[in-house]
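Each value in this text was obtained by applying a stated rule to the coordinates, not by laboratory testing. Note that the structure is a prediction, hence the values are computed from the model and not measured.
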Amino acid sequence: MMSVNFYDSVDDNLLKFAVIVSKSNGKWVFCKHKERTTYECPGGHREHGEDIVETARRELVEETGAIDFDLKPICVYSVIDENNFDGSETFGLLCYAEISTFGEIDSEIEKIVMLDDLPDNWTYPNIQPYLIKEILNRKHI
């Protein structure tokens, strides 16, 4: 069984991922990976020695082509899944971004889509809807 939890903070060394729930001109911004038919929030793994907020910025730029944006850390999330990481709790930073300007995408992402409503075909359906719900609860967007 998978569970998603939220914290105001944890030890920085525990943060392995950053996910960025994004909007542009009032529309949700989602990515479509080249090898999948589903949609996901921008995000990814922290590189060695990288500040976690820098991870969020880098992933947002790589996966959406964002040039001009306002990024805010919101909270820490964790995932516990018996099928991942030996069932141990893994932690990430959840951020929110308002994107004003886009450029080229230079990553494994095929394209971005901007939607009025949330997608039905999530890449991570047991995680992403909870992250967006938490953003809505904390940020009132």
Percent antiparallel among DSSP beta bridges confined to the range 32-141, rounded to 5, stands at 95
Suppose we look only past 28 Å in the calculated P(r) of the range 3-139. What percent of the Cα-Cα pairs does that tail hold?
10
What residue among Arg46, Arg57, Arg36 has the largest mean-square fluctuation in a Gaussian network model of the chain, using Cα springs under 10 Å?
Arg36
So, in Å, what gap is there between the alpha-carbon centers of the range 76-140 and the range 1-38?
3
If contacts are Cα pairs under 8 angstrom and at least 6 residues apart, what is the relative contact order of the range 3-139 in percent?
35
Residues of type lysines that Lys32 reaches as a straight line, Cα spacing below 20 Å, ignoring anything fewer than 8 places off in the same chain:
Lys23, Lys111
Karplus 3J(HN,Hα) series, Hz, for the range 128-139 with 6.51 cos²θ - 1.76 cosθ + 1.60 (x for Gly, Pro)
4, x, 5, 5, 5, 4, 5, 4, 4, 5, 8, 10
